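Chemist: My questions will all concern the structure given below.
The values are calculated or read from the model by the stated rules, or taken from the named source; none is laboratory data. Here the structure is a predicted model, which means the values were calculated and not measured. Here the Cβ positions follow ideal geometry from the backbone for every residue, glycine too, while neighbour counts run over all protein chains shown.
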2 protein chains.
Amino acid sequence: MPGPLGLIAGLGDLPVAIAENAVATGQGVHVLRLKGFEEPRLAAYPGAVVGLGEIGGVLSRLKEAGCRDVVFAGIVNRPNFSDLKLDLKGAALLPKVISEARKGDDALLRVLVQEFEKHGFNVIGSEVAHAALLAPAGLIAGPPPSDLSMIDLEVAARTAAATGALDIGQGCVVCDGLVLAVEAQEGTDEMLRRCAGLPDTIRGTPAARRGVLVKRPKPVQDRRIDLPTTGVSTVELAAAAGLAGIGIEAGGALMLNRPAMAKRAEELGLFLYGFPASLGTG
Amino acid sequence: MPGPLGLIAGLGDLPVAIAENAVATGQGVHVLRLKGFEEPRLAAYPGAVVGLGEIGGVLSRLKEAGCRDVVFAGIVNRPNFSDLKLDLKGAALLPKVISEARKGDDALLRVLVQEFEKHGFNVIGSEVAHAALLAPAGLIAGPPPSDLSMIDLEVAARTAAATGALDIGQGCVVCDGLVLAVEAQEGTDEMLRRCAGLPDTIRGTPAARRGVLVKRPKPVQDRRIDLPTTGVSTVELAAAAGLAGIGIEAGGALMLNRPAMAKRAEELGLFLYGFPASLGTG
């Protein structure tokens, strides 16, 4: 047992997704939110708020929490080093941090990673944690999509690309070529719930599944933040709406607890399919 | 009292809108659905199904129902005259109908109108009934839109034009430039209900109204059928969602019982505004 994931977190969706995924997979998470960059959605997780200069405090808290794996994730603006409140360990590291910081953020982070590894932690890059969450390409789980489902998937991918370009949202549902629903501010779960309430003449049913949910990022957005996120509840709500499957842009959307999503999709008879980013954008 | 409106109805949204409007305004309606072209949404209204050749039957039914105003509306394909089941009056009219029919649908209809007027009915063209239902241009009711509301209206008009061009739907809600919701198959009422459930940080409230619902036809659609329709419930649901007003494409969307809509908008403090078809399509 590696213990809970140690998450040293700044702002944004990625640390939230990493925390959610760690809980969803059962590993659990211990979140140290960085002072001045406290992501509000992480407040409910076990952990603490720590200052940027409290390196010793961070190390001891992670040890106490039983963490072995540690990830840095989220947005943190580079601090003014002269304003930092330092603990002993922070003060000892400061000269090296300042000299490396001149070489860029990566070099700065490398100093911290070395320090954490010296103390026995396994540091996972946020890109690595991120990549593990991204949807892969091709059939991920469930039965292979029928030809009709692949057409619905393509229409939905094109529609979501268009509504994304209009900055409306990141998802839509298409059945037999008809756009059943477009996601805006209500979110995916709410969109799927209303699809389940549409007349079953224009949608599928659990007994005769048809139609596809597509999730993909807006073309305009910064892909490091606010990527569309899917999880077990997405699979279950899509199933309840009678859909045949879910299309997720490969490399463009996050899957929280992919093994559990795949298992649920198999049980319910839905496909999960990673479509290429080029689909429907030509 | 003119008695209920006599509606001789084929298929489509226009006869449905005319029937709804006649009920909404309190006139009431007596619906004679034409055999072979029975609009299912009209089945619940008082009336009957009549054959295309039963002219005498139609006249006597309208008299019995106390109708004075009569309107022909809806889609009816021209019948094969030799297949028609005729009553006495129908048989008497047939030679004239056939000779006029050669000149076109308008001429054919003119024969029928003359016959109805000979029997004391006041025949209203479906274009006239239609025109009375269409939204006019400019401020229709309520307080003049603020500058911010006019910007929301323009963003919403542009968004609805784009989603309409994608054949998604005929409406959307925008607040402070953010697209709160896009209408697809769920319909306007359902879209407004979910707006009322969004966090009130991104939407208005009845105490501090902001945001605009826009309804406009899809650019691709045949404007004689399936025009977007608004009514008193649209005003009330928009009010409950905290919106500042409703933008309706002038000449491009129907208003059922416009006087009652205007009254309700005044009471609730929302504007109803007919925007030009050119807005947001450039």
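Chemist: If only one of B:71, B:50, B:29 is within 21 Å of residue B:3 (Cβ to Cβ), among the aliphatic types (A, V, I, L, M) and at pLDDT 95 or above, which one is it?
Modeler: Going through B:71, B:50, B:29 in turn, just one is within 21 Å of residue B:3 (Cβ to Cβ), among the aliphatic types (A, V, I, L, M) and at pLDDT 95 or above: B:29.
Chemist: Shifting gears a bit: When you look at residue A:176, is it within 14 Å of another protein chain (Cβ to nearest Cβ), surrounded by fewer than 20 Cβ atoms within 10 Å (Cβ to Cβ) and in contact (Cβ under 8 Å) with a residue 40 or more places away in the chain, yes or no?
Modeler: No: the conditions fail for residue A:176.
Chemist: How many residues are under 22 Å from residue B:201 (Cβ atoms) and either in a loop (DSSP other than H, G, I, E, B) or touching a Phe, Trp or Tyr at 6+ places or on another chain (Cβ under 9 Å) (or both) when one looks only at the stretch A:172-192?
Modeler: 5
Chemist: Output the residues belonging to the stretch A:193-221 that are closer than 11 Å to residue A:239 by Cα, outside any strand (DSSP E or B) and more than 25 Å from the chain's Cα centre (by Cα).
Modeler: Within the stretch A:193-221, A:196, A:204, A:206, A:207, A:209, A:210 meet the criteria.
Chemist: Pairs only if they're at least six apart or on different chains, beta carbon under 6 angstrom, first in the stretch A:79-98 and more than 10 Å from residue A:52 (Cα to Cα), second among the β-branched types (Val, Ile, Thr); list them, first residue then second.
Modeler: A:89/A:55; A:93/A:55; A:96/A:111; A:97/A:111
Chemist: Against the conditions (1) over 22 Å from residue B:21 (Cα atoms); (2) β-branched (Val, Ile, Thr); (3) buried (at least 23 other Cβ atoms within 10 Å of the Cβ), where does residue B:214 fall short? Just the number, please.
Modeler: Status for residue B:214: all satisfied but (1).
Chemist: With the requirement that a residue be assigned to a strand (DSSP E or B) and touching a His at 6+ places or on another chain (Cβ under 9 Å), what does the stretch A:225-259 give you?
Modeler: A:254 - this is the single residue of the stretch A:225-259 that is assigned to a strand (DSSP E or B) and touching a His at 6+ places or on another chain (Cβ under 9 Å).
Chemist: Here's a follow-up. Among the numbered conditions (1) assigned to a helix (DSSP H, G or I); (2) touching a helix residue (DSSP H, G or I) at 6+ places or on another chain (Cβ under 8 Å); (3) farther than 25 Å from residue A:266 by Cα; (4) touching a residue at least 24 places away in the same chain (Cβ under 8 Å), tell me where residue A:169 comes up short.
Modeler: That leaves (1) as the condition not met.
Chemist: Give the residue that is nearest to the chain's Cα centre (by Cα), with candidates limited to residues of the stretch B:1-25 that are in a loop (DSSP other than H, G, I, E, B) and modelled with pLDDT under 90.
Modeler: Checked the stretch B:1-25; the qualifying residue nearest to the chain's Cα centre (by Cα) is B:12.
Chemist: Checking the conditions here, which among B:234, B:281, B:188, B:229 is within 21 Å of residue A:191 (Cβ to Cβ) and touching a residue at least 24 places away in the same chain (Cβ under 8 Å)?
Modeler: Selected residue: B:188, the only one of B:234, B:281, B:188, B:229 that is within 21 Å of residue A:191 (Cβ to Cβ) and touching a residue at least 24 places away in the same chain (Cβ under 8 Å).
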